[in-house]
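The values are calculated or read from the model by the stated rules, or taken from the named source; none is laboratory data. None of the values given here were measured: they were computed from a predicted structure. Please note: Cβ atoms are built from the backbone with ideal geometry, for glycine as well, and neighbour counts cover all protein chains shown. Heads up: the accessible areas ignore ligands, DNA and RNA and are worked out on the full protein's heavy atoms, side chains in. Shrake-Rupley method; radii C 1.70, N 1.55, O 1.52, S 1.80 Å.
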Amino acid sequence: MESHPGFTLLPTQLDSTIVLADTDAEAEWARIDLSSLTKQEMNYASEFEPDAAATWAAGRVILRHVLGTHLDRDPDDIEIRLDSAGKPRVEECEFSVTRARRLVLVAVADDPVGVDLEAVPEHAVAAEAMSLLHPKERTELEQGPQSDLATDFVRVWARKEAFLKALSTGLARDPGMDYIGVGASPNSPHPDIEIFDLESGLPKDYHAAIAFNR
Ligand SMILES: CC(C)(COP(=O)(O)OP(=O)(O)OC[C@H]1O[C@@H](n2cnc3c(N)ncnc32)[C@H](O)[C@@H]1OP(=O)(O)O)[C@@H](O)C(=O)NCCC(=O)NCCS
């Protein structure tokens with residue numbers, strides 16, 4: 001796929017096109033040129049406070065452009081609808097989108113896919129959010145070096161959100177129900193879902209994971 005100027009194609013062996021856009025740098029245009037958004041999308045964004053609205057809208061602009069390139073269609077003409085779980089869908093392919101601070105990551109694939117990007121939080125935030133994890137994951141974090149807690153937490157959290165997006169439930173399914181693990185390789189709790197860490201091409205202090213529902 002050809003990338004739009006300002007987008008980075010992440011190197012991967014996985015069956016997915018994965019595009020990173022920094023809306024605070026090369027892809028800043030996506031915060032300004034909102035011409036590809038529908039009226040409903042503009043109305044939806046206007047419900048947020050200004051910075052969150054600008055980031056959401058920029059993410060949707062980037063998604064439209066990535067899908068447009070993938071499908072060889074005009075980004076304005078792509079019909080994105082939400083399913084009953086709130087997952088955005090198009091008829092022609094599977095995709096997933098995630099935002100962290102001003103970065104946007106989009107994955108396009110043949111199989112249902114979930115992607116999640118997270119910035120490493122403050123230690124105290126990670127320590128508090130640990131309560132959302134599976135009990136065994138909490139134990140793994142408690143037994144690991146406390147200096148690595150925030151990084152270890154965010155690694156498992158990104159895996160978990162990618163998994164829940166590939167499952168299409170999102171956080172409507174309790175993230176504490178499934179054991180995915182903090183260790184070197186993610187454990188998939190579902191026979192049809194594969195989970196991978198995304199390690200190449202991300203800025204320092206960000207973690208991402210992708211999951212495929214085959
Ligand atoms: C989807 C969800 C996991 C997103 O997590 P997040 O870290 O806040 O945000 P991210 O940027 O990583 O991902 C947001 C994207 O997830 C996607 N998404 C939303 N619902 C989804 C679902 N059920 N399945 C898969 N993907 C979904 C959307 O593409 C969304 O981007 P968009 O708003 O531009 O369309 C989470 O917000 C969620 O599950 N929401 C629905 C259920 C809910 O609101 N529960 C109460 C919160 S505890």
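For the stretch 97-118, enumerate the residues that are open to solvent by 20 Å² or more (accessible area, probe 1.4 Å) and either part of a strand (DSSP E or B) or farther than 18 Å from residue 192 by Cβ (or both).
97, 99, 101, 102, 118
Of the residues 91, 122, 128, only one is free of Cβ contacts under 8 Å to residues at least 12 places away in the same chain, of a type in the set (Asp, Glu) and more than 13 Å from the ligand (Cβ to nearest atom); which? I'd like the intermediate steps shown before the answer.
On the way: 91 fails: free of Cβ contacts under 8 Å to residues at least 12 places away in the same chain; 122 fails: free of Cβ contacts under 8 Å to residues at least 12 places away in the same chain.
Criteria check complete, one pass: 128.
Just the residues that are touching a Lys or Arg at 6+ places or on another chain (Cβ under 6 Å) and away from the ligand (no atom under 11 Å from the Cβ), please, taken from the stretch 42-72.
Answer for the stretch 42-72, where residues must be touching a Lys or Arg at 6+ places or on another chain (Cβ under 6 Å) and away from the ligand (no atom under 11 Å from the Cβ): just 54.
On the basis of being out of contact with any helix residue (DSSP H, G or I) (no Cβ under 7 Å at 6 or more places or on another chain) and among the polar types (S, T, N, Q), does residue 46 make the cut?
For residue 46, the condition - out of contact with any helix residue (DSSP H, G or I) (no Cβ under 7 Å at 6 or more places or on another chain) and among the polar types (S, T, N, Q) - is not met.
Of the conditions (1) assigned to a helix (DSSP H, G or I); (2) open to solvent by less than 90 Å² (accessible area, probe 1.4 Å), residue 44 fails just one. Which one is it?
The single condition residue 44 does not satisfy is (2).
Could you run through the stretch 156-180 and say how many residues are touching a residue at least 24 places away in the same chain (Cβ under 8 Å) and either more than 29 Å from residue 8 (Cβ to Cβ) or surrounded by fewer than 19 Cβ atoms within 10 Å (Cβ to Cβ) (or both)?
The total comes to 8.
Just give me the residues in the stretch 49-96 being out of contact with any Pro (no Cβ under 6 Å at 6 or more places or on another chain), among the aliphatic types (A, V, I, L, M) and part of a loop (DSSP other than H, G, I, E, B), in sequence order. Step through it out loud before you land on a result.
So the first thing to find is which residues in the stretch 49-96 are out of contact with any Pro (no Cβ under 6 Å at 6 or more places or on another chain), and the list is 49-63, 66-67, 69-79, 81, 83-93, 95-96.
With among the aliphatic types (A, V, I, L, M) added as a condition, the list becomes 52-54, 57-58, 61-63, 66-67, 71, 78, 85, 90.
Once the filter is applied, which keeps residues that are out of contact with any Pro (no Cβ under 6 Å at 6 or more places or on another chain), among the aliphatic types (A, V, I, L, M) and part of a loop (DSSP other than H, G, I, E, B), the stretch 49-96 yields 78, 85, 90.
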